Amino acid sequence: MGHVPAGPELFHAQANAALKDPQLRQNFRGAMDYLQDKRKNAFVDPVEEDKIRTLCESIRKRCLSKLPELLEQLDANCTRNGIQVHWAQNDKEANNIIANIAQSHKARTMIKGKSMVSEEIELNHEMAKLGIECLESDMGEYIVQLDGDKPSHIIMPAIHKNKQEVSDTFEKHLDDFTPTVDVDELIQTGRTRLRQKFHDADIGLSGVNFAVAETGTLCLVENEGNGRMCTTVPKVHIAITGIEKVVEFLSDVPPLYSALTRSATGQAITTYFNMISSPRKRGELDGPVEVHLVLLDNGRTQAYQDEEMRKTLQCIRCGACMNHCPVYTRIGGHAYGTVYPGPIGKIISPHLMGLDNTKELVTASSLCGACGEVCPVRIPIPEMLQRLRTEAKNPPKPDAMPMKGQASAASTLESLAMKGFAFAATNPNLYHRGAWSATKLRGLVPNNMGPWTQCRTSPKLANKTLHQLIKARNKQAGDK
Amino acid sequence: MRIYPAKPNSVYLYGTCLVDMFDPEAGLDAISLLEQQGLKVIFIEKQTCCGQPAYSSGYTKEAKCVAQHQMDLFIEPWPVVVLSGSCGGMMHHHYRRMFQGDGTQAQVEQFCDRVFELTEFLVNVCRIKLEDKGDMTSVVMHTSCAARREMNVHVTATQLLNQLDNVELKEQDYESECCGFGGTFAVRHPNISQAMVEDKTRHLAKTNAAVLVSADWGCLLNINGAFEYQGQSMQGRHLASFLLERTGGK
């Protein structure tokens with residue numbers, strides 16, 4: 001059903017549309033149940049799980065605490081290895097850098113491995129404007145691209161579709177395709193169509209899972225082998241990553257890799273793990289002759305500057321928070337209208353797009369805490385949401401840097417209501433008189449209480465408050 | 001892991017605003033349960049609300065003001081027993097967070113250390129032994145997300161129910177999943193909340209348990225309201241009332 005997300009500001013409408021789509025609801029529930037089970041089976045020993053999470057959290061915290069110097073070290077070591085490093089402040093700069101590389105090679109086609117950062121900068125769209133065709137080679141991304149759609153999950157882009165729907169997509173867009181719901185056949189179809197494209201592409205583009213400062217190595221985690229094809233077959237390889245993906249030591253990678261694959265798909269390791277440290281060397285038979293690394297900020301330094309919000313950048317993009325989120329499970333990834341959906345998306349997107357555009361997202365959580373409970377690097381997502389809600393309502397403190405879109409959710413009416421609440425809750429006489437009157441007038445509670453009563457009856461107040469009952473109880477005890 | 005103190009002589013009871021207005025009997029029942037353990041129970045009349053509605057809506061300044069007012073009421077070093085995991089989480093965890101870096105932080109932390117949810121207090125401080133005097137029945141329990149993930153008291157609530165010989169504890173599908181209340185979430189995002197509570201009530205009803213219990217009135221407002229709207233007979237009650245009834249205290 002190929003719907004392209006319109007944006008986070010339309011969250012309510014998009015979420016409602018998703019809620020009314022029974023097939024979509026069923027697809028997500030089924031997929032999330034499956035992924036939750038997989039993760040559970042990958043972490044059978046809670047003590048070990050605890051240890052891994054603590055270790056990974058400390059690695060990410062350490063690396064982020066030295067982020068500027070590690071980025072410089074990464075730049076120096078990559079350069080020494082022959083990788084050309086580029087810095088981009090925003091999406092526009094990143095696209096310009098990539099366009100320049102492409103144009104210097106007179107490139108017409110680009111084959112892409114999975115990269116959420118390339119979604120973030122809308123690379124395909126920008127390159128198309130210059131007459132450069134980008135083709136997605138991750139199977140999920142390929143399906144999504146055929147639909148003219150966007151990913152609905154960060155590690156499983158087409159998870160909103162079942163096999164019948166994938167078959168329908170292929171039937172609609174591919175010649176000589178016989179409809180089937182055999183998953184192997186479906187995958188084989190995609191693989192065959194892509195094979196020649198790898199060979200013909202002028203440029204291969206990939207994301208990065210870990211960029212190692214110590215050695216100038218780019219690590220790529222994948223299962224399909226298309227990542228390896230993208231980064232070895234075409235003459236030029238461009239890797240693009242957010243600046244937060246840097247780690248200090250090579251030895252930081254194994255624990256993070258293990259936590260990533262176990263949290264994401266319940267795998268101990270993936271089928272492929274690529275480490276790229278240089279372009280093709282003299283005498284080597286394959287590999288690109290040029291390797292570029294684009295380091296993208298795009299709002300990440302805003303999160304970095306604030307010690308608490310910096311925890312957002314610990315993310316290793318496993319998607320476990322989405323897989324366990326009751327909201328994501330019911331509305332799917334497209335409803336968010338952001339590149340990164342689900343719980344982590346709610347706390348990253350305000351830095352990328354501003355709180356003014358994402359203020360609905362930060363309220364769209366019951367703060368149930370399931371996301372924080374499974375995060376392999378222990379990002380306290382509910383606390384971050386709390387913080388962002390505060391920033392959305394209030395102007396910055398005099399000594400603090402304002403956030404993009406700060407105070408955009410400020411509401412005079414709500415603010416007055418909350419001041420009224422605080423006044424009543426700090427003036428017991430007023431509070432008790434209120435509670436007392438409420439119970440006295442409980443017959444007057446309306447049956448229609450707007451959004452609350454659309455699926456519930458109105459709450460029934462008690463005859464007497466606890467305060468009243470205890471007073472009577474104490475009096476009775478005193479009389480005895 | 002939390003380190004629990006020895007059983008004191010006296011405790012404070014924190015009723016919570018929802019118990020105060022919607023189920024005051026649960027407050028009295030909790031007092032009886034604690035008194036059965038030989039404790040003197042003090043109910044400070046000036047207590048109101050823990051401040052969570054303001055806090056979770058982004059009004060930290062107002063929430064802090066309410067929190068300070070509550071903390072000032074409980075001056076003796078006795079434990080503060082709270083009849084809700086969610087308000088317990090607010091007072092045990094989030095008060096700390098709100099006052100971080102303030103001059104009063106140390107005092108706040110001392111207060112937070114004294115806050116216990118009812119079931120964890122009965123199990124880990126009172127070391128309660130329940131004697132079931134009721135007929136055979138079955139029960140399904142719903143634990144609020146804060147009770148489960150902030151306070152870890154789904155464990156102690158289960159331990160209490162397991163002490164009851166004639167009560168069969170039924171397990172629901174998606175037990176740990178949120179019921180969709182989330183305070184203002186239920187009215188800010190009513191359709192998502194509706195999808196969640198409809199799933200929750202379906203899973204609870206499917207157990208065919210005779211009784212639904214919870215130690216959180218926020219969730220119960222949501223779940224009971226949905227059950228009644230759907231015309232189903234299942235209605236949840238506070239765990240304190242159920243325990244007191246089973247042990248013949250009522």
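The values are calculated or read from the model by the stated rules, or taken from the named source; none is laboratory data. Because the structure is predicted, anything quoted here is derived from the model rather than measured. Positions of Cβ are backbone-derived with ideal geometry, glycine not excepted, and every protein chain shown enters the neighbour counts. Ligands, DNA and RNA are stripped out before the accessible areas are found, and what is left, the full protein with its side chains, is counted by its heavy atoms. Shrake-Rupley method; radii C 1.70, N 1.55, O 1.52, S 1.80 Å.
Per-residue counts of other Cβ atoms within 10 Å, averaged by peptide: what ranking do you get for B:77-83, A:448-454, highest first? Let's see the in-between values first.
Details: B:77-83: 23.0, A:448-454: 13.6.
The densest-packed peptide leads the list: B:77-83, A:448-454.
With N set to the residue count of chain B, report its C-alpha Rg divided by 2.2 N^0.38 Å to two decimal places.
Numbers: Rg = 17.7 Å, N = 250, 2.2 N^0.38 = 17.9 Å.
Cα-based Rg divided by the globular estimate yields 0.99.
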Task: Length released on extending from A:Asn427 to A:Asp45, taking residue separation times 0.36 nm less the Cα-Cα span - done: 132.6 nm
Open item on the list: So if I take the alpha carbon set of the range B:125-205, get Rg, then get Rh from the Kirkwood formula, what is the Rg over Rh ratio?
Closed with: 1.06
TODO: Could you tell me what percent of the DSSP beta bridges with both partners in the protein assembly as shown are antiparallel, to the nearest 5?
DONE: 15 percent
TODO: In debye, nearest 20, what is the charge dipole magnitude of the protein assembly as shown about its Cα centre with +1 on Lys and Arg Cβ and -1 on Asp and Glu Cβ, if you could check?
DONE: 1560 debye
TODO: Quick one: how many lysine pairs does the range B:1-133 have with C-alpha atoms less than 21 Å apart and a gap of 8 or more or different chains? Give me the count, please.
DONE: 5
- [ ] Work out the charge dipole of the range A:1-132 with +1 on the Cβ of Lys and Arg and -1 on the Cβ of Asp and Glu about the Cα centre, then indicate which of A:Phe11, A:Asn96, A:Cys63 is farthest towards its positive end.
- [x] A:Asn96
Task: the range A:37-196: C-alpha pair distances exceeding 22 Å, % - done: 61 percent
- [ ] Can you check what the Kirkwood hydrodynamic radius comes to for the range A:377-422, Cα pairs only, in Å to one decimal?
- [x] 11.9 Å
Task: Dmax and Rg, reported as Rg then Dmax, of the range A:414-474 (C-alpha, Å) - done: 14.0, 41
Open item on the list: Check chain A for me: any Cys whose beta-carbon has no other cysteine beta-carbon within less than 4.7 Å?
Closed with: A:Cys56, A:Cys63, A:Cys78, A:Cys134, A:Cys219, A:Cys230, A:Cys315, A:Cys318, A:Cys325, A:Cys375, A:Cys455
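At R0 = 56 Å, how high is the FRET efficiency between A:Ala477 and A:Lys419 if r is their beta carbon distance? Nearest 0.05 is fine. Working shown, then result.
Numbers: r = 39 Å, r/R0 = 0.69.
Result of the calculation: an efficiency of 0.90.
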TODO: In nm, give the distance between the simple-model label positions of A:Asp356 and B:Ile75, each being 7 Å from the Cα along the Cα-to-Cβ direction.
DONE: 5.1 nm
- [ ] Select from A:Ser437, A:Ile155, A:Gly420 the residue farthest towards the positive end of the dipole of chain A; place +1 on Cβ of Lys and Arg, -1 on Cβ of Asp and Glu, and compute about the Cα centre.
- [x] A:Ser437
Open item on the list: Could you report the accessible area of B:Ile42 in Å², rounded to 10, computed with a 1.4 Å probe on the protein chains as they sit in the structure?
Closed with: 30 Å²
Open item on the list: Over the Cα atoms of the range A:335-480, each weighted equally, I'd like the Debye log10 I(q)/I(0) at q = 0.09, 0.15 Å⁻¹, rounded to two decimals.
Closed with: -0.49, -0.98
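Quick one: dipole size for the range A:325-404, taken about the Cα centre, charges +1 on Lys/Arg Cβ and -1 on Asp/Glu Cβ, in debye to the nearest 20.
On the way: 9 positive and 6 negative charges, 11 e Å.
About 60 debye.
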Task: List of the range B:221-249 residues, accessible area with partners at least 20 Å² below that of the chain alone (1.4 Å probe) - done: B:Leu221, B:Asn222, B:Gly225, B:Glu228, B:Tyr229
- [ ] Measure of size requested: the Rg and Dmax of the range A:195-241, with Cα atoms as the atom set and Å as the unit; please supply both.
- [x] 11.2, 36
TODO: Alpha carbons only, please: Rg and Dmax for the range A:6-79, in angstrom.
DONE: 20.5, 52
- [ ] Choose one of A:Thr217, A:Ala76, A:Pro326: the residue whose Cα lies farthest towards the positive end of the charge dipole of the protein assembly as shown (beta-carbon charges +1 Lys, Arg; -1 Asp, Glu; about the Cα centre).
- [x] A:Pro326
- [ ] Grab the alpha carbons of chain A, take their convex hull, and tell me the volume per residue in Å³.
- [x] 192 Å³
Task: Pairwise FRET efficiency - A:Glu72 versus A:Lys92, Cβ, R0 = 35 Å, nearest 0.05 - done: 0.90
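Using only the heavy atoms of the protein chains and a 1.4 Å probe, how would A:Glu171, A:Glu72 rank by accessible area, largest first? Walk me through the numbers on the way to the answer.
Numbers: A:Glu171 100, A:Glu72 125 Å².
Sorted by accessible area, descending: A:Glu72, A:Glu171.
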Task: Where the Cα pairs of the range A:291-367 fall when distances are cut into 5 Å bins, in % - done: 3, 15, 25, 24, 19, 9, 3, 1, 0
Task: Along principal axes, Cα extents of the range A:217-268, largest first, whole Å - done: 32, 25, 18
Task: Convex hull (Cα only) mean projected area of the range A:347-400, reported in nm² to one decimal - done: 4.3 nm²
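Starting from the alpha-carbon convex hull of the range A:1-131, give the projected area averaged over all orientations, in nm².
Numbers: hull surface 51.8 nm².
The orientation-averaged projected area of the Cα hull of the range A:1-131 comes to 12.9 nm².
Taking the Cβ-Cβ separation of A:Lys440 and B:Asp135 as r and a Förster radius of 35 Å, what is the calculated FRET efficiency to the nearest 0.05? Mind dumping the intermediate values first?
Values: r = 37 Å, r/R0 = 1.06.
Efficiency, from the Cβ-Cβ distance: 0.40.
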